[in-house]
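Report on one structure; see the data block that follows.
What follows draws every value from the coordinates through simple rules; no lab data is involved. Please read all numbers here as calculations on a predicted model, not as lab measurements. In this analysis, Cβ positions are derived from the backbone assuming ideal geometry, glycine residues included, and neighbour counts consider all displayed protein chains.
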Amino acid sequence: MANDLLHSVLSGHKTATCCNYELAKLQEEKLAEVGQLNILLDGQGCARAIIQTTHVEVVPFKEVREEFALLEGEGITSLEDWQRSHQEFFTREWEAAGGRFNTNMMVFCETFKIVYRAKGNGQS
C-alpha cells in the first residue's frame with residue numbers, strides 16, 4: 001500500500017490527505033502545519049521524496065468539498081466516491097477506538113506539494 005500511495009504522489013495524482021481529526025486529537029497525534037516538511041518512504045522504508053504542507057483545514061465530514069476530495073487521488077472520481085470510501089474507513093477506525101462515525105465528525109484536510117524527489121523515485 002505504501003508503494004501505491006507513493007506512486008500516486010510522485011505521479012501528481014495525489015496532492016492531499018485527510019484524517020479523523022477527533023480521533024487524532026484523542027490519540028495525541030501531531031498534525032501537519034503549513035510549511036511543514038515530511039519525508040515519504042516506500043514500502044521498504046527508503047526515503048523517496050519530501051513533501052511540504054501547503055494548506056490545512058478542519059471541517060465536518062459532510063462539508064468536505066469535491067475539490068479537496070479529488071486531490072486525494074486514490075481512484076476517487078467524485079465527492080460521492082470520497083464520501084463512500086472515507087465513511088467506510090472512518091467507521092472502521094472509530095469502531096476500533098470505541099467511537100461511532102457521524103457526518104458531523106471533524107476531518108483534518110491537508111494539501112501538499114513535492115519539494116524533492118530521490119533518484120529512482122521509488123516507482124518500481
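Observations on the model:
- HN-Hα J in Hz across the stretch 92-101 - Karplus 6.51, -1.76, 1.60, θ = phi - 60°, x for Gly and Pro: 4, 5, 5, 4, 5, 9, x, x, 9, 5
- With contributions of -39500 (n - 2.57) from each DSSP H run of at least four residues, the per-residue ellipticity at 222 nm computed over the chain stands at -9000 deg cm²/dmol.
- The antiparallel fraction among DSSP beta bridges confined to the chain stands at about 100%.
- Long-range HN-HN contacts of Tyr116 with modeled amide H, under 5 Å: Ile50
- Exposure proxy for His7, His13: other Cβ atoms within 10 Å of each Cβ, ordered fewest to most, give His13, His7.
- Normalising the average separation of contacting C-alpha pairs (under 8 angstrom, six or more residues apart) by the number of residues puts the relative contact order of the chain at 40 percent.
- Annotation note: trypsin sites (Lys or Arg not before Pro) in the stretch 31-124 located in DSSP loop regions with a Cβ neighbour count of at most 14 within 10 Å are Arg65, Arg100, Lys119.
- Karplus (6.51, -1.76, 1.60) ³J(HN,Hα), θ = phi - 60°, over the stretch 50-55, in Hz, Gly and Pro reported as x: 10, 10, 10, 5, 10, 7
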